[in-house]
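The values are calculated or read from the model by the stated rules, or taken from the named source; none is laboratory data. A quick note: this is a predicted structure, and the numbers were derived from the prediction, not measured. Quick reminder, even Gly has a Cβ in these numbers, built from the backbone with ideal geometry, and neighbours come from all protein chains shown. These accessible areas exclude ligands, DNA and RNA; they are computed on the full protein's heavy atoms, side chains included. Shrake-Rupley method; radii C 1.70, N 1.55, O 1.52, S 1.80 Å.
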Amino acid sequence: MSVSIRSVHPVFVGEVVGVDLRNPLSVKDVSAIEAGMDKYAVLVFRGLNITDEQQIAFTRHFGELESFTTPGHIQRPEDRRLGPGIADFSNLDKNGTIMSAEDRVWFFKLADRLWHSDSSFRPVPAKYSLLSARVIPSWGANTEFADMRAAYDALDLRTKTEVEDLVCEHSLIYSREAIGFTELIPDEIAAFKPVRQRLVRTHPVTGRKSLFLASHAGAIVGWTIPEARMFLQELIEHATRREFVYSHFWEPNDLVMWDNRTTMHRARRFDRNDVRDMRRTTLAGDAETTERAA
Ligand SMILES: [Fe+2]
């Protein structure tokens, strides 16, 4: 059986059938999935009960795992619940107990409910993210995706010209500050130093332009902060209009793969007394977005 992809949303998002993620893929299957990512930007795989090792191996068919010198979170390495190569997007501590409502790691995670693109706060932002659902809460907890290519296409001509060469500053400090979590220690502030990203990106294969937005963006180079934040806020509102958004209702063992270069996403509320065990592998991007400006 070979890979086939059916459209599940008028603008983007496909569901993949005919592939077992637990086994090595053929070159043909990898190309079919890559072509699907270029077209749909978000791909859904259902009903695959995979281990962390299988998820990592599947991810590596599409490039190198993201690795970095500074952390993208505030959890201490000794408090990690999972092994290397896979990130913990659960509400569990290292003993498998639900985190306290006052846990600063929980505060930090809550800001993932703001629209963002993974790792836009790193000098080289991520390519794909792959999130698998191991245990899902009884209510809520959808993940929503927005198509930044469609959002770019729908801008008026004046705004397209205005955004073309803008460069933003992204940092986890901005997105955490937006929900009132400002109690970062000096080491964390140093690790989360803002990085520059172009506001308009061009897809290396399709040539389509997209808006590179995230709640991590808190400044535009050469603009005052209030003017920049107001404009970014307006662009996020435009980019997340209903017609550009797909809301994924998770079933156990779903895996969703998305292109961070062309989409934004956000987590949605759930009952914090329910276990949510989601695990993410992330593929490294290949270049800084500001190279073109240099
Ligand atoms: Fe994310």
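Just a few scattered comments:
- Looking only at residues in the stretch 263-287 that are among the polar types (S, T, N, Q) and more than 10 Å from the chain's Cα centre (by Cα), the one that is surrounded by the fewest Cβ atoms within 10 Å (Cβ to Cβ) is N273.
- Here the stretch 65-80 is the region considered, the condition is being open to solvent by 100 Å² or more (accessible area, probe 1.4 Å) and over 12 Å from T282 (Cα atoms), and the residue that is modelled with the lowest pLDDT is T69.
- Within the stretch 59-98, being within 18 Å of the chain's Cα centre (by Cα), away from the ligand (no atom under 16 Å from the Cβ) and either without any contact (Cβ under 8 Å) to a residue 40 or more places away in the chain or in a helix (DSSP H, G or I) (or both) holds for R60, F62.
- If only residues of the stretch 259-294 that are touching a residue at least 12 places away in the same chain (Cβ under 8 Å) and among the small types (G, A, S) are counted, the one that is nearest to the ligand (Cβ to nearest atom) is A267.
- Residue, surrounded by the fewest Cβ atoms within 10 Å (Cβ to Cβ), within the stretch 124-171, restricted to residues that are within 16 Å of the ligand (Cβ to nearest atom) and among the hydroxyl-bearing types (S, T, Y): S171
- Hey, E251 in a helix (DSSP H, G or I) and either at pLDDT 95 or above or surrounded by fewer than 22 Cβ atoms within 10 Å (Cβ to Cβ) (or both) or not: no
- Residue check, A219 away from the ligand (no atom under 16 Å from the Cβ), assigned to a helix (DSSP H, G or I), in contact (Cβ under 8 Å) with a residue 40 or more places away in the chain and within 14 Å of E169 (Cα to Cα): no
- Residues of the stretch 172-198 satisfying the condition of being open to solvent by 70 Å² or more (accessible area, probe 1.4 Å) and in contact (Cβ under 8 Å) with a residue 40 or more places away in the chain: E177, A178, I179, E183, R196
- Filtered residues of the stretch 1-58 (kept if open to solvent by less than 30 Å² (accessible area, probe 1.4 Å), of a type in the set (V, I, T) and closer than 21 Å to A133 by Cα): V13, V16, V19, I33, V42, V44, I50
- Residue check, W258 closer than 21 Å to A111 by Cβ and at pLDDT 95 or above: yes
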